[in-house]
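Data first, discussion second: the structure below is written as structure tokens.
The values are calculated or read from the model by the stated rules, or taken from the named source; none is laboratory data. Treat the numbers as computed from the prediction; the structure is a model and nothing was measured. Here the Cβ is made from the backbone with ideal geometry for all residues, glycine too, and neighbour counts use every protein chain on show. For the accessible areas, the whole protein counts, side chains as well, though only heavy atoms, and no ligand, DNA or RNA atoms are used. Shrake-Rupley method; radii C 1.70, N 1.55, O 1.52, S 1.80 Å.
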Amino acid sequence: MAEAAETKTVKLGPYDPVAIEPKWQARWERDGLYAARVDPKRQKFYFLTMLPYTSGNLHIGHWYAMTPSDARARYLSRKGYNVMYPIGFDAFGLPAENAAIDHNTHPMQWTYANIDRMRGQLRSMGAMWDWSREAVSSDPEYYRWTQWFFLQLFKHGLAYKKMAPVDWCPKDQTVLAREQVIGEERVCERCHTPVVKKDLEQWFFRITQYADEMLDFSHLDWPEPVRLLQTHWIGRSEGANVTFHTEAEDEIPIFTTRPDTLWGATFMVLAPEHPLVEVLTAAEQQHAVRKYVEKATRQTDIQREAVDKEKTGVFTGGDAINPVNGERIPVWVADYVLMTYGTGAIMGVPAHDGRDFEFARKHGIEVRPVIRPPEGAAPDGATLRVPLVIYGEMINSGPLSGTPQERAIPATIEYLEEHKLGERAVGYRLRDWLISRQRYWGAPIPIIYCPVHGQVPVPDGQLPVRLPEDVEWLPTGQSPLKLHPTWKQTTCPIGGEPAERDTDTMDTFMCSSWYHLRYLSPDYSQAAFDPEQYDYWMPVDTYTGGAEHATMHLIYTRFFHKALRDMGIVRGPEPMLQLRNQGHILGPDGFRMSKSRGNVIDPDEQVREYGADSVRAFLMFGYRWPEGGPWNTDNIHGVVRWLNRVWSLVLETGAAEAADGDPVARRDLTRKVHQAIRAVSNDLENFEFNTVVSELMQLTNAITEANQQGLAGSTEFNSAIETLLLLMAPATPHIAEELWERLGKPYSIHTQPWPEHDPDLAKEELITLVIQVDGKVRDRITVPAGISEVEARTQALASAVVQRFVGDKPPRDVIVVPGRLVNIVLES
């Protein structure tokens, strides 16, 4: 129900955002203005922006992501949608543990103190957050359901445990997170001891089971770059599985996308971690191989795969048998082959692969061409200067020599299958999701280890498995869960035998894979979410955030949804239908903001100095939202001046006596108002926030000009002022609400319908028509906006300037582009 303002007298006074903004923020929250409720009679819109991590301070990047998103959410609400725009906190993670060690503070205290501070910062934005739906991932009532979801994945065979390498500090005897391994030398950040790889049993989710489905983007309105990143990350490739053998009959399976080059394989390479390295290594090579493996396994996968990295390797002294020709080929160990990609073994075909060619030339390995180049002559491998990375007719390939290009790969696969040497296969770059973390501040994995019954899931009734609060922190960083004297001791839920809890916690991406579901009903205790809320609100209609999450969070949350769908817990092909990404705000120097550079812009300081509306409007006006750019303090001053002009314009003319003014000027103002409505609406629909603010500035100029023409007090002028505030409200909600109230309008401006433009009133009365002769501009004439093609042709030919070029020649053709130009064609 709209609430009438107490007075219709326009109150004058200076624009003071420091006083105005907190007043309205408190009022909106007190009134529950943005509380979203299920209403079957209204069309819902679930608008979601990525939740912040509880670092303790919001930076300008948070504002850049969130406040333009808020402007669009406000616009949709005014368009009649029932909009839900929730907020919460991603609260588990390593920074809290680092704070505990560095400052002798419990992670829980550090985290919740940060949340309190960040709530205030979020409120200062003036966004339409529905605070009643706040969810915090470190709350026991939240991670109770994180654990429950883990158990559903476990029960459906999608969670499993296997050996996998971790970064290990030999001195501290502890697992390190990626952030704790520093420098090119990869040392422990605490003690600077060289880090090594160590195999531990760890939990994985079978995300690869959904690889093919996640390549289907047909249900998604997502940016093309994100879809391409996910496509590359999943890395689907078709080829063949082929089994090589050692002389002792040990199998060495490989996957290749080029089975047609099998006869050109002159060596094999194993990843340093491959279990056959030790088996194949000859006695005289053991020292060299062991030394190489130790060095290689200290590097990251990124370092090992670098294109410009020199291709190093060591001969094991062992051989493998090429299955298609029975040849013995040497087996090497090299760091550019990864155990986490494919099978950890590759065949080396130096004539037709750049990496293999470089390796073979360095180590004196035979180069044997097996694909004929386009020019036709069979090349000599010994003199080949560059690899032939081509498709073509097979040569030097035994029974398949002469096979044409279009049949080469399918014919080879048929040959492999016929002789039981291999089979058609699909390979993926995507690996299963490793979710184990040897840390304290995370959701404990709800598995019990019983000497009789093995892995036993914690019963639902015993969830959540709570983190102990009485923990001690060692300088080494070892997880307190492992060291706690009693926490891990429990009994088997099946037989009551003494048992132990899993002391690992889950990757925090597990928590953020389902937070959009907890927002539906954060206080619901019977399930992870209320089914009634789910049925109304899901799926998420628009999701906003950084494109840097394309290959982690955005992949994980899609997998999570699809897995739950197959269990009957959720419905639909995707969790988020539309995705839009913002760019990055850089420091004034053009570099990424960092404390060490001294170029960090503190949004709290900006709000104190200029007000939240100025910061909001500047972040929309100063950049194309998908691109971002360097912060510019001079430009924010322009936005501040604009808001002060609006303030003065509204208050100084609000009490003007009724007037008529010049009819032409009134018509012109009405036209500009309806053009502004059309432009601002289109720009908000398309996330073009910079032109939203520029259109509002142009409308302000038009109203100012109308005031100077004596239109203040006229119906058209008053309507223009009201429309300006209605259009400003999504971008600058506080000043719009304040001025709306001072004009005596009903509370709240944010519940008023969005203005609709009238296409007839938005039309220009006169337009400029460009006249060309043979494609060259010769004249410009002013004509009525709705001029017909016949009349446009007549006026163009009648132009005195055009007549000088046309003369007595009859035009071969006259082309009219309505509303834009007329081209008179003389030449044949």
Original post:
If you go through segment 19-37 one residue at a time, how many are part of a loop (DSSP other than H, G, I, E, B) and small (Gly, Ala, Ser)?
Top reply: 3
Subject >> Condition broken by THR700, with the remaining ones in (1) under 20 Å from ARG742 (Cβ atoms); (2) open to solvent by 10 Å² or more (accessible area, probe 1.4 Å) satisfied >> reply: (2)
Subject >> The listed residue being at pLDDT 90 or above and farther than 24 Å from PRO323 by Cβ, out of GLY364, GLY422, GLY392, GLY398 >> reply: GLY364
Original post:
Within segment 774-801, which residues are out of contact with any Pro (no Cβ under 9 Å at 6 or more places or on another chain) and among the aliphatic types (A, V, I, L, M)?
Top reply: VAL777, ILE781, VAL783, ALA785, VAL790, ALA796, ALA798, ALA800, VAL801
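Among the candidates GLN462, GLN489, GLN526, which residue alone is open to solvent by 10 Å² or more (accessible area, probe 1.4 Å), under 30 Å from ALA35 (Cβ atoms) and free of Cβ contacts under 8 Å to residues at least 40 places away in the same chain?
Working: GLN462 fails: under 30 Å from ALA35 (Cβ atoms); GLN489 fails: under 30 Å from ALA35 (Cβ atoms).
The conditions single out GLN526.
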**OP:** Name the single residue, out of those in segment 130-141 being in contact with a strand residue (DSSP E or B) (Cβ under 7 Å, 6 or more places away or on another chain) and open to solvent by less than 10 Å² (accessible area, probe 1.4 Å), that is farthest from TYR85 (Cα to Cα).
**Re:** SER137
**OP:** Test each condition in (1) touching a residue at least 60 places away in the same chain (Cβ under 8 Å); (2) surrounded by fewer than 17 Cβ atoms within 10 Å (Cβ to Cβ) for PRO603 and report the one that comes out false.
**Re:** (2)
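Criterion first (under 30 Å from LYS23 (Cα atoms) and open to solvent by less than 30 Å² (accessible area, probe 1.4 Å)) does PRO755 satisfy it? So that I can check it myself, show each step before the final result.
Numbers: under 30 Å from LYS23 (Cα atoms): yes; open to solvent by less than 30 Å² (accessible area, probe 1.4 Å): yes.
Answer is yes for this residue.
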Subject >> Scope segment 653-672; condition in contact (Cβ under 8 Å) with a residue 60 or more places away in the chain and in a helix (DSSP H, G or I); matching residues >> reply: THR653, ARG667, THR670, ARG671
Original post:
Tell me, which residue of segment 375-406 that is of a type in the set (A, V, I, L, M, F, W, C) and within 43 Å of the chain's Cα centre (by Cα) is surrounded by the fewest Cβ atoms within 10 Å (Cβ to Cβ)?
Top reply: VAL386
Subject >> Number of the exception - THR111 against (1) of a type in the set (S, T, N, Q); (2) surrounded by fewer than 21 Cβ atoms within 10 Å (Cβ to Cβ); (3) touching a helix residue (DSSP H, G or I) at 6+ places or on another chain (Cβ under 8 Å) >> reply: (2)
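Going through PRO468, PRO446, PRO457 one at a time, which residue ends up being open to solvent by less than 50 Å² (accessible area, probe 1.4 Å), more than 22 Å from VAL166 (Cα to Cα) and touching a residue at least 40 places away in the same chain (Cβ under 8 Å)?
On the way: PRO468 fails: touching a residue at least 40 places away in the same chain (Cβ under 8 Å); PRO446 fails: more than 22 Å from VAL166 (Cα to Cα).
That would be PRO457, the only listed residue that is open to solvent by less than 50 Å² (accessible area, probe 1.4 Å), more than 22 Å from VAL166 (Cα to Cα) and touching a residue at least 40 places away in the same chain (Cβ under 8 Å).
Give me the residue from segment 309-319 that is within 44 Å of the chain's Cα centre (by Cα) and part of a strand (DSSP E or B) and, out of that set, farthest from THR243 (Cα to Cα).
Applying the filter and picking the extreme gives VAL314.
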Original post:
Which of the residues belonging to segment 610-639 are over 17 Å from THR691 (Cα atoms) and either over 26 Å from the mean Cα position of the chain (by Cα) or not in a loop (DSSP other than H, G, I, E, B) (or both)?
Top reply: TYR610, GLY611, ALA612, PRO630, THR633, ASP634, HIS637
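Condition check ((1) within 30 Å of ALA26 (Cβ to Cβ); (2) open to solvent by 30 Å² or more (accessible area, probe 1.4 Å); (3) out of contact with any Lys or Arg (no Cβ under 8 Å at 6 or more places or on another chain)) across all residues:
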residue: THR723; (1), (2), (3): yes, no, yes
residue: ALA729; (1), (2), (3): yes, no, no
residue: PRO746; (1), (2), (3): yes, yes, yes
residue: ILE749; (1), (2), (3): yes, no, yes
residue: GLU765; (1), (2), (3): no, yes, no
residue: GLY775; (1), (2), (3): no, yes, yes
residue: ALA800; (1), (2), (3): no, yes, yes
residue: VAL814; (1), (2), (3): no, no, no
residue: VAL822; (1), (2), (3): no, no, no
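Give, as residue ranges, the strands (runs of 3 or more DSSP E) completely inside segment 483-596 that count at least 3 residues that are modelled with pLDDT of 95 or more.
Details: elements: 489-491, 498-501, 540-546, 576-582, 584-586.
So the answer is 489-491, 498-501, 540-546, 576-582.
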Subject >> Number of positions in segment 433-473 that are closer than 19 Å to HIS484 by Cβ, at pLDDT 95 or above and not in a loop (DSSP other than H, G, I, E, B) >> reply: 5
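Being open to solvent by less than 80 Å² (accessible area, probe 1.4 Å) and over 12 Å from ILE767 (Cβ atoms) is the filter here, so list the residues in segment 778-790 that pass it. Write out each step before concluding.
First pass over segment 778-790, keeping only residues open to solvent by less than 80 Å² (accessible area, probe 1.4 Å): 779, 781, 783-788.
Within segment 778-790, ASP779, SER788 meet the criteria.
Does segment 584-593 contain any residue that is open to solvent by 20 Å² or more (accessible area, probe 1.4 Å), more than 18 Å from LEU520 (Cα to Cα) and either touching a helix residue (DSSP H, G or I) at 6+ places or on another chain (Cβ under 6 Å) or without any contact (Cβ under 8 Å) to a residue 40 or more places away in the chain (or both)?
Keep residues of segment 584-593 that are open to solvent by 20 Å² or more (accessible area, probe 1.4 Å), which gives 584, 586, 588-593.
With the extra rule that they be more than 18 Å from LEU520 (Cα to Cα), the set shrinks to 584, 586, 588-593.
Pick out the ones that are also either touching a helix residue (DSSP H, G or I) at 6+ places or on another chain (Cβ under 6 Å) or without any contact (Cβ under 8 Å) to a residue 40 or more places away in the chain (or both) and you get 591-592.
Checked against the condition, which is being open to solvent by 20 Å² or more (accessible area, probe 1.4 Å), more than 18 Å from LEU520 (Cα to Cα) and either touching a helix residue (DSSP H, G or I) at 6+ places or on another chain (Cβ under 6 Å) or without any contact (Cβ under 8 Å) to a residue 40 or more places away in the chain (or both), segment 584-593 yields at least one hit.
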Original post:
Can you find even one residue in segment 170-180 that is more than 28 Å from PHE204 (Cα to Cα) and not polar (S, T, N, Q)?
Top reply: no
Original post:
Using beta carbons and a limit of 9 Å, which pairs, at least six apart or on different chains, have the first residue in segment 799-818 and over 20 Å from GLU789 (Cβ atoms) and the second one of a type in the set (Asp, Glu) and surrounded by 12 or more Cβ atoms within 10 Å (Cβ to Cβ)?
Top reply: ALA800/ASP779; VAL801/ASP779; PHE805/ASP774
**OP:** State whether the residues of segment 159-177 include one that is within 25 Å of the chain's Cα centre (by Cα), open to solvent by 40 Å² or more (accessible area, probe 1.4 Å) and among the charged types (D, E, K, R).
**Re:** no
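This table checks each residue for (1) under 14 Å from MET347 (Cβ atoms); (2) open to solvent by 30 Å² or more (accessible area, probe 1.4 Å); (3) β-branched (Val, Ile, Thr).
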position: ASP216; (1), (2), (3): no, yes, no
position: HIS219; (1), (2), (3): no, yes, no
position: GLN230; (1), (2), (3): no, no, no
position: ILE254; (1), (2), (3): yes, no, yes
position: LEU270; (1), (2), (3): yes, no, no
Subject >> Qualifying positions in segment 653-678 - under 18 Å from MET697 (Cα atoms) and either open to solvent by 20 Å² or more (accessible area, probe 1.4 Å) or in contact with a Ser or Thr (Cβ under 6 Å, 6 or more places away or on another chain) (or both) >> reply: ASP668, THR670, ARG671, LYS672, VAL673, HIS674, GLN675, ARG678
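From the residues in segment 338-374 that are assigned to a loop (DSSP other than H, G, I, E, B) and under 14 Å from ILE252 (Cα atoms), which one is most open to solvent (accessible area, probe 1.4 Å)?
The selected residue is MET339.
Residues are listed down the side, and each one gets a yes or a no for (1) open to solvent by 10 Å² or more (accessible area, probe 1.4 Å); (2) touching a helix residue (DSSP H, G or I) at 6+ places or on another chain (Cβ under 8 Å):
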| position | (1), (2) |
| --- | --- |
| GLU627 | yes, no |
| ASN632 | yes, no |
| LEU643 | no, yes |
| VAL680 | no, yes |
| ASN690 | yes, yes |
| GLU705 | yes, no |
| ALA712 | yes, yes |
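Is at least one residue of segment 473-482 among the polar types (S, T, N, Q) and open to solvent by 20 Å² or more (accessible area, probe 1.4 Å)?
Taking segment 473-482 and keeping what is among the polar types (S, T, N, Q), we get 476, 478-479.
Add one more test, that the residue is open to solvent by 20 Å² or more (accessible area, probe 1.4 Å), and what stays is 476, 478.
Yes, segment 473-482 contains at least one residue that is among the polar types (S, T, N, Q) and open to solvent by 20 Å² or more (accessible area, probe 1.4 Å).
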